[in-house]
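Read through the structure below, which is laid out as structure tokens, and then see the notes.
What follows is calculated from the coordinates using simple rules that are stated; it is not laboratory data. Quick caveat: nothing in here was measured; it's all calculated off a predicted structure. A quick note on method: Cβ atoms are made from the backbone with ideal geometry, for glycine too, and the neighbour counts reach across all protein chains shown.
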Amino acid sequence: MMKLSKSELQKKYKAFQKLRLNLDLTRGKPSEEQLNLSNSMLTNLSIARSYKSNGIDIRNYGEIDGLPEAKKLGAAFLGIKQSNVIVNGTSSLNLISAMMQTLFFRGNRDLPWKERKKVSIICPVPGFDRHFSLCEEMGINMINVPLTGNGPDMDKVEAIVKKDKSVRGIICVPKNSNPTGETYSGDVVKRLAKLPKLGNKDFMIFYDNAYAVHDFSKSKKLANIYRLCEKFKTANNISLFASTSKVTFAGSGIAFMGGSEKTLKNFLSFFSKTIVGSDKVNQARHINFLKDTKALKKHMENLGTLIKPKFDIVESYLAKLPKGIAEWSRPKGGYFVSFNAKPGKASKIYKLCFEAGLKLTPVGATFPYGIDPDDQNLRLSPTQVKNSDLKKSMEIFILAVLLSE
Ligand SMILES: Cc1ncc(COP(=O)(O)O)c(C=O)c1O
């Protein structure tokens, strides 16, 4: 394909247009086959005929911080002690937003954010679009810092925290990041753990470990940030998040938050005004299904077997592009491939794909305020589509990249 002339490429592109395809690589959703692997969760409570967990009736109000066994599961995701975990709701994004609201209305051992003129948060880019839209919604000023392949550029992060007193935190995805797939190096994790010492007393690291257990190839091990925070006496400046959205059922999983005793107490003082208990029925289903870390590991391996071939397809098509035309990530886990075209080309590629029946995540979505300053980054989410559709999608995508030249 790479040796084709522009007119031959045009011809192939027009042929795709005629097919009136409706392909979609916009969001990192699990495929039906992935979801099917968790179907026993739909019946495991009725089969067990047990509605008690550790003596707690799962059908009633209470346990806003979650069932002990669910906390144990959360502890395995977050790499912290069970006593430092809260389990509530189905969405980690919801817990992140509740934590932001806590800081907004109650503060963290300092003035609430609502009493400050300006609150800024550092956003490693490219990143998760919903982190950015949430911050924008809450009126938080976002400051871009580039990712390096090993995590954020920490020289830049530290310089900003030292200089700009409006900075009250950083939001990051440390493992199999969305969309770059990178896992932060040991040095970056250590510097992140020390970071609050350079800034305001209420500095908060939002550590969204959404892809903590989601490796499909051998991936880099992530250092344990909470232990480092304890060592550097910054444990009150971090909140950790994860969920089973990409483990069991997306949107019907369970969500975890971790933090110091002080952080969790402060959070619950706010959160307990907004909800009476937690969904212990769903937690019990998850406890029955993901019995222990061995069962979790096995389940993630089974998911990985379904996911990896999709990423192999993406790579096999991108590898056909001539050298120097673009760069892209080769993730070992997570849900995304991050593609960097030459500056100024992403919008054109997006439009060409769209007009040939392939929807991509809008250009700019991976940056705060929806603005990619270099009009360069595109996110590919290959997990949900059938392999045959993924191949067609990638064919269109590389045609669009070539035609954008
Ligand atoms: C980094 C990151 N955090 C959070 C989420 C959403 O997780 P949840 O469904 O638990 O809100 C996603 C989903 O794509 C994500 O990529």
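Assorted remarks:
- Scaled against the 2.2 N^0.38 Å expected of a compact globular protein of N residues, the Cα radius of gyration of the chain reads 1.02.
- R0 of 51 Å, Cβ-Cβ distance residue 270-residue 323: FRET efficiency to nearest 0.05: 0.45
- For the options 90, 180, 305, a Gaussian network treatment of the chain with springs between C-alpha atoms closer than 10 Å singles out 305 as fluctuating the most.
- Extent along the principal axes, Cα only, for the range 48-140: 53, 30, 23 Å, with the longest axis given first.
- Partners for residue 18 among aspartates and glutamates (Cα-Cα distance below 18 Å; same-chain residues under 8 apart left out): 8, 355, 389, 395
- Computed from the C-beta positions of residue 64 and residue 22, the FRET efficiency with R₀ = 30 Å rounds to 0.10.
- The ellipsoid equivalent to the alpha-carbon distribution of the range 193-313 has semi-axes of 29, 21, 12 angstrom, derived from the gyration tensor eigenvalues as √(5λ) and listed largest first.
- Taken over the range 1-114, the percentage of Cα pairs per 10 Å bin, counting from 0 up to the bin with the maximum distance, is 10, 20, 26, 15, 12, 13, 5, 0.
- Filter on 156/197; 175/246; 14/342; 220/342 - keep pairs with C-alpha separation over 20 Å: 14/342; 220/342
- The convex hull around the C-alpha trace of the range 270-318, projected and averaged over every direction, spans 6.3 square nanometres.
- Distance from the range 234-254 to the range 1-40 (C-alpha centre basis), Å: 30 Å
- Pairs over the 26 Å Cα-Cα cut-off, from the set 3/345; 351/392; 190/280: 190/280.
- Interchain or long-range residues, amide H under 5 Å from residue 145's placed H: 123, 125
- Among 134, 380, 111, residue whose mean-square fluctuation peaks in a GNM of the chain (springs only between Cα atoms under 10 Å): 111
- Estimated FRET transfer efficiency when R0 is 25 angstrom, pair residue 405-residue 316 (beta carbons, to 0.05): 0.75
- Footprinting exposure proxy ranking of 270, 311, fewest other C-beta atoms within 10 angstrom first, gives 270, 311.
- Of 307, 64, 205, the one that fluctuates the most in a GNM where the chain has Cα springs shorter than 10 Å: 64
- Cα-based helix-to-principal-axis angle, 92-105 vs the chain, degrees rounded to 10: 60 degrees
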